[in-house]
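Here's the structure, in structure tokens; my notes come after.
The values are calculated or read from the model by the stated rules, or taken from the named source; none is laboratory data. Keep in mind that what you see is a predicted model, and the values were worked out from it rather than measured. Here Cβ is always computed from backbone atoms with ideal geometry, including for glycine, and neighbour counts include all displayed protein chains.
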Amino acid sequence: MYACRECRKSTWHAAGGKTMVRKSLLVAIVLQATLTGCVARTYYYGKMDREAKPDGHEIQILLPGEPVPRPYEVLGIVQVDGYYATGTEKLIRGAQKKARKKGGDAIVLGPVGQKVVSYTLVVPGQPGAAAAAAAASSGGGAAAAAAVAPTPDRVIPAQVAWPTMSAIILAYTKE
């Protein structure tokens, strides 16, 4: 929590309320900017693991319907979720990384879609005593302070769409 500029206390009150909201929003924006463009999670659904391939091993990318050049076995399916502005290229790199870890040699790309995530941001209101003190100190006197009601919490609903992609992991066989 952030301290009020005037009293240097880590509390929510009339003097520091707006300052703390601005700082909280700034922190949220900076956090979002640092997460933008990264792969959030990869999920693997498969029945078998093989020995992991080294980091330099090239994972071949195949499009749907494209013939596979060698005999193969299916290792599983990988689903890659990104953050807000993650591009398709980073999703593919995330799928390749998981395929390498599971011992795959190629991935067959699936559809790229979006996962919509809903959340609610709550900005706390001021209790009646703090609102009354703010009204009295602003020159309204005791009558203005008595008429001030507590301010309610503000609830802000929001949604964000995160890109998602799935791919089939193939391992080439010796046959």
Task: Failed item in (1) of a type outside the set (Val, Ile, Thr); (2) touching a Lys or Arg at 6+ places or on another chain (Cβ under 8 Å); (3) at pLDDT below 85, with MET48 passing the rest - done: (2)
Open item on the list: Regarding the range 78-91, can at least one residue be identified that is farther than 13 Å from PRO163 by Cβ, over 21 Å from the mean Cα position of the chain (by Cα), surrounded by 12 or more Cβ atoms within 10 Å (Cβ to Cβ) and touching a residue at least 40 places away in the same chain (Cβ under 8 Å)?
Closed with: no
Task: Total residues in the range 49-77, condition closer than 20 Å to THR164 by Cβ and of a type in the set (Gly, Ala, Ser) - done: 1
- [ ] Identify, from the list THR151, THR164, THR86, THR120, the residue that is in the same structural domain as ASP49 (by TED's automatic domain parsing), part of a strand (DSSP E or B) and modelled with pLDDT under 85.
- [x] THR120
